[in-house]
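I have a structure I would like to understand better, so I am pasting it below and will then ask my questions one at a time.
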Amino acid sequence: MADIATAFADEVVTNAYTTVFSVPGLQGSVALVTLDNGFDHTKPSTFGPGGLTALDAALDEAFAAHPVAIAVTGKPFVFAVGADLNGVPNITSKDDALQIGSLGHRVFRRLRESEIPTFAFVNGAALGGGLEIALHCHYRTVASNAAALGLPEAFLGLVPGWGGTQLLPNLVGASNAVTVVIENSLNQNKMLKPAQAKDLGIVDEVFDGADYLEQSLAWLAKVVNGDVIPARPEIDRGKAWDDAVARASAIVAGKTGGFAPGPVAAVELLKSAKNVDITDRASLDAAFAAEDEALATLLMSDELRAGLYSFDLVQKRAKRPAGAPDKSLARKVTGVGIVGAGLMASQLALLFVRQLKVPVILTDIDQERIDKGVGYVHAEIDKLQGKKRLSPDAANRLKALVSGSLDKAAFARTDWVIEAVFENLDVKKKVFAELEEFVSPETILATNTSSLSIGKMSADLKHPERVVGFHFFNPVAVLPLLEIVKGDKTDDATLATAFATAKSLKKSAVLIADKPGFVFNRLLTRALGEVMNAIDEGTPFDVADNAITELGMPMSPLTLLSLVGPAVALHTGETMAEYYPERFHDSPGLQALVAAKKSAIWTYGADGTKTVDPEVADLWPQGDQPSTAEQVLDRTRRAFAEEIEIMLDEGVVAAPEDIDLCLILGGGFGFWNGGITPYLDRTGTSDAVNGTKFH
């Protein structure tokens, strides 16, 4: 224990307090163990060696009281959110890592193996090890207002290592366990709501948050007295289990290409849980030892370090953007104008009205387009009401805030206007020049451009200081990144307002200098360029497309090309080639694709297999110098390393961390690679290309 205690020297210890009291209608006392790290809900309770030892001592006290039931609950709004990850980078040996797993198992399983009935009163957020404590208890209730429930370890590059992979499938069935452990984790770390946890069979009852503890204790009494016998379904250990594991493997392959060891290990543990008898101590010993081994191996892996780096970026750096001006300079946004009423503009209108709840006005070149845009927003609000995510009154209020106008004079009532028109510098300059005639000098003029210069766009305006890049990613409602671009004359008040607005929109923002392509599109264009150039040289389409899977992109380059649209990709590539012709080159194949108005390279059969569209194969000119998959991967890695180093030298962002944040949040790059720069360091690419590591 000494070595792991040293690793977790900075642990915020979650204490456990045992209270013994009587409950009406129950003969004998109840021992209630409360988990509390001494802080409010903004610093949730976690478990390191100190916290586990404190819980162990509290259970000693609980058992010594000889109660008729033992219950575990948390501080207000928080049950527990799992392991303390801050000490993990300090673990230097696998033996120490094994101690962490075995200590958690030893303490938690006291609740499972107790002859006294044990209850988990999940009064708030329960994640990872917090939910695993509940799984070790015999019975579970949850408060209806609990913020989040889940086992997110695979998302971080770990496995649920304190019983989750073995107990959950044997409680709720393999398919439900796969949903929680694999599917939700790899689907942007999706959490469960209390009602969903009940439907899945994870908890026995959901009680209202207002008198949750009282209701839970009353239910406990009924269970102890035998008046209530919670149902436990029979678990199908045949084909249904095998099918669930196959589904898990397919999800992991689709999301990570098998390059993230955490999810792969989680699938193997879920598979092995099929043969575990959770009522037999020896069987559980072996099952938990397998979890310990998997957890220890992962704790020592480079991918986990990269995953924790990613987690730190998203949880901390994204919330305190580097270079953002003092927030006190931000102006209040009370009305929003949107130039354009197409799909992107309509998505923006929906986001602004839902999050800011201020009037939103759309304009376009004709009334038909405006009506279509406003209609889209209204229809989406109706869908939200239909899903009971909005009340009828709230939906009506939001719809009343959205309107359209052909006359830009209506924008005089706005203090924030964003354009989402065709990606052409002259068109955007004209839009802003027209707007300046109607809006106040302090109204922010934001552009959703993905690559064009903010400085050039605002150069001829009377007030260029209030123009800022505000680049969203598509789909707007899903991707959390905003690239906030500072033009050469953008002032601090405008920037501060942009960052404050991003926060109000529940987006993570990164400050970016006014350089072509900004961050994400510049790097993506460079990488796609390498893949397409390899095809131009003669590399088979499938070889080039599958070669860079381990980089952690959420889809293959040619699939992404179809999603973005070949014409858009070509336009962005041409923009980049104009500024950096030595590194960005037009692809003859892509030019031919756009000229033929083809929207995709792949065609898909009825069984889902993909082949190159014969017409694309005919029109795409290929040379006679094919590359191997390894060569395509190497050239793409080197391109990333070179371009990132140049971007840092240009001051596009403050640090490599901001590059990674853009790739993770803007494009779904793998947590297990840390975005990209830790991966480039780990593979030796940074040293080979730049002579030094990024970190």
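If we count GluC sites (Glu not before Pro) as exposed when they sit in a DSSP loop and have at most 14 other beta carbons within 10 Å, what is the longest stretch of the chain that avoids them all? Let's see the in-between values first.
Values: sites that count: GLU113, GLU115, GLU234, GLU437, GLU442, GLU582.
Answer - 235-436.
How big is the dipole moment of the chain about its Cα centre under a simple scheme where the beta carbon of each Lys and Arg is +1, that of each Asp and Glu is -1, and everything else is neutral? Debye, nearest 20, please.
1880
Can you give the accessible area of LYS222, probe radius 1.4 Å, in Å² rounded to 10?
Here the residue's solvent-accessible area equals roughly 100 Å².
Can you give the accessible area per residue of the range 454-513, in Å², using a 1.4 Å probe?
34
In whole Å, what is the distance between the alpha-carbon centres of the range 387-423 and the range 507-547?
34
Which one of ILE644, LEU220, THR609 is farthest out on the positive end of the charge dipole of the chain, using unit charges on Cβ (Lys, Arg +1; Asp, Glu -1) and the Cα centre as origin?
Of the listed residues, the answer is LEU220.
Taking loop as defined by DSSP and a crowding limit of 13 other beta carbons within 10 Å, which chymotrypsin sites (Phe, Trp or Tyr not before Pro) in the range 377-422 fit? Spell out each step's value before the answer.
Values: sites: PHE411, TRP416, PHE422; in loops: PHE422.
Those satisfying the criteria are PHE422.
Moving on. Would you mind working out the magnitude of the charge dipole of the range 226-305 relative to its Cα centre, with +1 at each Lys and Arg C-beta and -1 at each Asp and Glu C-beta, to the nearest 20 Debye? All intermediate terms of the calculation are to be shown ahead of the outcome.
Details: 9 positive and 14 negative charges, 62 e Å.
That gives a dipole near 300 debye.
Also, quick follow-up: Just want the answer: with Cβ charges of +1 for Lys and Arg and -1 for Asp and Glu, which residue in LEU570, GLY589, THR501 is farthest toward the dipole's positive end in the range 461-620?
It is THR501.
Return the distance in nm (one decimal) between the two label points of a simple spin-label model at HIS66 and GLU574, each offset 7 Å from Cα along Cα→Cβ.
Distance between the two pseudo-spin positions: 8.7 nm.
How much FRET efficiency would the formula 1/(1 + (r/R0)^6) give for ALA231 and ALA57, where r is the Cβ-Cβ distance and R0 is 45 Å, rounded to 0.05? Mind showing how you got there, number by number?
Working: r = 34 Å, r/R0 = 0.76.
It comes out at approximately 0.85.
Measuring with a 1.4 Å probe in the full set of protein chains, what accessible area per residue, in whole Å², belongs to the range 283-403?
Per-residue value: 48 Å².
Let me ask another. Output the antiparallel fraction of DSSP beta bridges having both residues in the chain, as a percent to the nearest 5.
Details: 17 of 62 bridges.
Roughly 25 percent of the beta bridges in the chain run antiparallel, per DSSP.
Which value, in Å², gives the accessible area per residue of the range 1-101 when a 1.4 Å probe is used on the protein heavy atoms?
Normalised by residue count, the accessible surface of the range 1-101 is 44 Å².
Something else now. Tally up the carbon and sulfur contribution to the accessible surface of the chain as a whole percent, 1.4 Å probe, everything protein left in place.
Percent of accessible area from carbon and sulfur atoms in the chain: 53.
Number of Lys-Lys pairs in the range 230-358 under 15 Å by Cα, sequence gap 8 or more or different chains?
Working: LYS239/LYS271; LYS239/LYS274; LYS319/LYS327; LYS332/LYS357.
Pairs that pass both the separation and distance tests number 4.
What dipole magnitude, in Debye to the nearest 20, does the range 403-455 give about its Cα centre under +1 on Lys/Arg Cβ and -1 on Asp/Glu Cβ? Write down the numbers at each step before the final one.
Working: 5 positive and 9 negative charges, 16 e Å.
Dipole size: approximately 80 debye.
Continuing with the same structure: Between the helical axis of 212-225 and the dominant principal axis of the chain, each derived from Cα atoms, what acute angle in degrees is found, rounded to the nearest 10?
That helix lies at roughly 40 degrees to the long axis.
Related question: Computed FRET efficiency, Cβ-Cβ of ALA379 and SER93, R0 60 Å: what is it to the nearest 0.05?
On the way: r = 58 Å, r/R0 = 0.97.
Rounded to the nearest 0.05, the efficiency is 0.55.
Among the lysines, which fall within straight-line cross-link reach of LYS430, defined as a Cα-Cα distance under 19 Å, with same-chain neighbours fewer than 8 residues apart omitted?
Of all the lysines, those that pass the test against LYS430 - Cα under 19 Å, at least 8 places apart if same chain - are LYS408, LYS456, LYS462, LYS489.
The values are calculated or read from the model by the stated rules, or taken from the named source; none is laboratory data. Source: prediction; values computed, not measured. Positions of Cβ are backbone-derived with ideal geometry, glycine not excepted, and every protein chain shown enters the neighbour counts. Side chains included, ligands, DNA and RNA excluded: accessible areas come from the protein's heavy atoms. Shrake-Rupley method; radii C 1.70, N 1.55, O 1.52, S 1.80 Å.
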